[in-house]
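S.K.: Take a look at the following structure, please.
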Amino acid sequence: MLKRILYAALLAIAIIIAAVAWNTLRLTSRQIEVKPAPPLALDRDAVAARLAGALKFRTISDAASGDTNAEEFTRMQAYLQQAFPRLHATLKREMVGHSMLFTWQGSDPQARPVMWLAHQDVVPVAPGTESSWQQPPFDGVVKDGFVWGRGSWDDKGSLVAQMEAVETLLASGYQPRATLYLGFGADEEVGGRRGAVEIARLLKSRGIKMDYILDEGMLVTQGIMSGVSKPVALIGVAEKGYASVNLSVETAPGHSSMPPQKTAIGMMSAALTDLERKQMPVELTGVAREMFDSIAPEMQGMNRVVLSNLWLFAPVVKKQLEQSAGTNAVLRTTTALTVIHAGNKDNVLPGRADAVVNFRVRPGDTVGGVMEHVKQTVNNDAVHAELDAGSSDPSRVSPVDSAQYTLINRTIREVFSDAAVAPGIVIGATDARHYKDVSDHVYRFSPVRAGPEDLSRFHGTNERIGINNYLEAVSFYVQLARNGK
Ligand SMILES: [Zn+2]
């Protein structure tokens, strides 16, 4: 009897090993096979200098007013006009506040137009960090193979590269078949209400529907994804939602010499501890699953074995991915305790405690679901939970099995031929989310290479872009236009 059980167990193990091996070996690359795009003849120094020139303007946006730094925006627009004369002579420019909408009329009026987005505004330099910059943030310095400065990466890099691409195409006598729109917001960093929202409204009022929209977003990562030695270019097909929940507890204020069993601070602390401990679940489904399915064949060793066999290893993989803040943010609706206020004197029990918990909502979850989760987890009627204004559900997921996704995928493979392409989820918010009524195919990809040490430059200190990489970015947009014929 014992022998039989042992045999059965051994047989089961052998079958599992065989299945794991079979899944690992039969896994074939999902990457599109393409010929690398022919190199573009670009004047390296002039191209780098034109980007550097745009970094000299302090186009810092302000949520409170659209007129803050108005002069800087106007001066940068005049600079761009002078730097890209063909573009400005051929394309129609419409101003929406300080935001710009360019139209490059296509030759075929029946072809569905397409749209590229970028933004003119930048985030400020955090006070006290100016001296840590190797090059001043607003001098537009070209040095050691890099263009340095605030906006070189986010997002003047994309904006000027798009203009450079259009200028290059015009110089070669090219005219697009489908009309190409360029939407350059002036307030993306503060929510896009005056820029992207208004441009989208304008396009909608004209009944214009784009074949696809491409905005900034995910990157060509190098050495960021563990287990993959080649660069991985991620195309953002969705972005997470945003929900801040205001929590408050009101009790009778009193003297601390005779405290009740439950105080405002105690109840609030318990609620916050529970929310941090019992997070919403990690899900290896939808876009996250497709991302790993696309990357697994490009991996080596155990990573490949494990990711090829999620039917068996999913629980282990989830545990592992949860440990890293980066992958955790992709796989779940995250919970962040961001604000707490209560009390102002050591011997007085406060009558009120307030806190804010910020959730970033994974596609698949909803803001309503977050509120439900908060109520169930806190499970105390004394803790009042209210959704803050400005919350938004995650974006729609743009299809991966579409001609539009394939166009972008193919173009990346042609220009960044060393990179594997996979779909991804954008963790932050971009202008693209305001365009959901203007296109069913909204994608988020910046043709920028980034290694682990580069991530802190984003909105941080020593922002820069490699000149070689910037030339690739220009080539990417040229190739994207040409492929869209
Ligand atoms: Zn940006």
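S.K.: Per residue, how much accessible area does the stretch 239-387 show when a 1.4 Å probe rolls over the protein heavy atoms, in square angstrom?
M.R.: That works out to 51 Å² per residue.
S.K.: Any idea what the alpha-carbon Rg over 2.2 N^0.38 Å comes to for the stretch 239-387?
M.R.: Numbers: Rg = 20.0 Å, N = 149, 2.2 N^0.38 = 14.7 Å.
My calculation over the Cα atoms of the stretch 239-387 gives 1.36.
S.K.: Okay, helix-only estimate at 222 nm for the chain: each DSSP H run of n ≥ 4 adds -39500 (n - 2.57), divide by all residues, round to 500 deg cm²/dmol; what do you get? Mind showing how you got there, number by number?
M.R.: Details: 14 runs with 176 residues, N = 485.
Using -39500 (n - 2.57) per qualifying helix, the result is -11500 deg cm²/dmol.
S.K.: OK, next. For Cα pairs less than 8 Å apart in space and 6+ apart in sequence, what is the mean separation divided by the residue count of the stretch 184-298, i.e. the relative contact order in percent?
M.R.: Values: 52 pairs, mean separation 16.8, N = 115.
It comes to 15 percent, rounded to a whole number.
S.K.: Calculate the FRET efficiency for Leu2 and Met302 from the Cβ-Cβ distance with a Förster distance of 22 Å, rounded to the nearest 0.05. Don't jump to the answer; show the numbers that get you there.
M.R.: Working: r = 33 Å, r/R0 = 1.51.
Efficiency for this residue pair is about 0.10.
S.K.: Using only protein heavy atoms and a 1.4 Å probe, report how much of Arg360 is accessible, in Å² to the nearest 10.
M.R.: 70
S.K.: Which shape class, rounded, prolate or oblate, goes with the stretch 393-449 when its Cα gyration tensor gives a ≥ b ≥ c as root eigenvalues, a/c under 1.5 marks rounded, and past that a/b bigger than b/c marks prolate?
M.R.: On the way: a/c = 2.24, a/b = 1.59, b/c = 1.41.
Since a/c reaches 1.5 and a/b is larger than b/c, the shape of the stretch 393-449 is classed as prolate.
S.K.: Per 0.36 nm of contour for each residue apart, how much would the distance between Tyr174 and Ser132 grow if the chain were fully extended, relative to their Cα-Cα spacing?
M.R.: 10.7 nm
S.K.: Could you state the per residue volume, in Å³, of the convex hull enclosing the Cα atoms of the chain?
M.R.: Cα-based convex hull of the chain, divided per residue, equals 196 Å³.
S.K.: Moving to a separate point now. Using +1 on the beta carbon of Lys and Arg, -1 on that of Asp and Glu, and nothing else charged, what's the dipole of the stretch 227-312 about the Cα centre, debye to 20?
M.R.: Working: 7 positive and 8 negative charges, 36 e Å.
Result for the stretch 227-312 is approximately 180 debye, rounded to the nearest 20.
S.K.: Now, a different point. Between the stretch 149-164 and the stretch 364-388, how many Å separate their Cα centres?
M.R.: 40
S.K.: Can I ask one more? If a paramagnetic tag sat 7 Å from the Cα of Asp62 along the Cα-Cβ line, which residues of the stretch 178-220 would have the backbone N under 20 Å from that point?
M.R.: Answer for this model: 185-196.
S.K.: Using alpha-carbon pairs under 8 Å, 6+ residues apart, how would you state the relative contact order of the chain in percent?
M.R.: On the way: 970 pairs, mean separation 121.6, N = 485.
Relative CO of the chain lands at 25 percent.
S.K.: Among the listed pairs Lys56/Lys143; Lys278/Lys319; Lys240/Lys319, which have their C-alpha atoms separated by more than 19 angstrom in this model? Write down the numbers at each step before the final one.
M.R.: Details: Lys56/Lys143 15 Å; Lys278/Lys319 15 Å; Lys240/Lys319 21 Å.
Distance filter (> 19 Å) returns Lys240/Lys319.
S.K.: Under a straight-distance cross-link criterion of Cα-Cα below 19 Å, which aspartates and glutamates are reachable from Lys209, leaving out those fewer than 8 residues away in the same chain?
M.R.: Counting by Cα, and skipping residues close in sequence, Lys209 has these aspartates and glutamates nearby: Glu94, Asp108, Glu198, Asp431, Asp437, Asp440.
S.K.: Excluding residues on the same chain fewer than 8 positions from Lys35, give the lysines whose Cα lies under 24 Å from its Cα.
M.R.: Those lysines meeting the cut-off are Lys230, Lys485.
S.K.: Follow-up. Going toward the positive end of the dipole of the chain, with +1 on Lys and Arg Cβ and -1 on Asp and Glu Cβ, which of Gln320, Val142, Gly460 do you reach last?
M.R.: My answer, from the dipole projection, is Gln320.
S.K.: For a quick check of your reading of the filter: which chymotrypsin sites (Phe, Trp or Tyr not before Pro) in the stretch 443-485 sit in a DSSP loop and have no more than 14 other Cβ atoms within 10 Å?
M.R.: Values: sites: Tyr443, Phe445, Phe458, Tyr470, Phe476, Tyr477; in loops: Phe458.
Those satisfying the criteria are Phe458.
S.K.: Here's another thing I want to ask about it. Place +1 on the Cβ of every Lys and Arg and -1 on the Cβ of every Asp and Glu in the chain, take the dipole about the Cα centre, and give the residue among Pro85, Gln376, Val339 whose Cα lies farthest towards its positive end.
M.R.: It is Gln376.
S.K.: Also, quick follow-up: Relative to a virtual label point 7 Å from the Cα of Asp437 in the Cα→beta-carbon direction, which members of the stretch 92-122 show backbone nitrogen distances below 11 Å?
M.R.: None, by backbone N distance to the label point.
S.K.: Roughly to the nearest percent, how much of the accessible area of the stretch 239-387 is carbon and sulfur, given a 1.4 Å probe? It would help to have the intermediate numbers written out before the result.
M.R.: Working: 4120 of 7660 Å².
That fraction is 54 percent.
S.K.: Then there is this: Within the stretch 315-333, which residues have the backbone N less than 16 Å from the label spot 7 Å out from Leu455 along Cα→beta-carbon, could you tell me?
M.R.: Flagged as within label range: 320-332.
S.K.: Normalising by the residue count of the stretch 239-387, find the relative contact order in percent from Cα pairs under 8 Å and 6+ residues apart. Mind dumping the intermediate values first?
M.R.: Numbers: 231 pairs, mean separation 69.5, N = 149.
So the answer I get is 47 percent.
S.K.: Run through the DSSP bridge list for the stretch 84-206 and note the antiparallel percent, rounded to the nearest 5.
M.R.: Values: 13 of 19 bridges.
Looking only at bridges with both residues in the stretch 84-206, the antiparallel portion is about 70 percent.
The values are calculated or read from the model by the stated rules, or taken from the named source; none is laboratory data. On a predicted model such as this, the values are computed, not experimentally measured, just so you know. Ideal geometry is used to build each Cβ from the backbone, glycine not excepted, and the neighbour counts take in all protein chains shown. All accessible areas refer to the heavy atoms of the entire protein, side chains included, with ligands and DNA or RNA removed. Shrake-Rupley method; radii C 1.70, N 1.55, O 1.52, S 1.80 Å.
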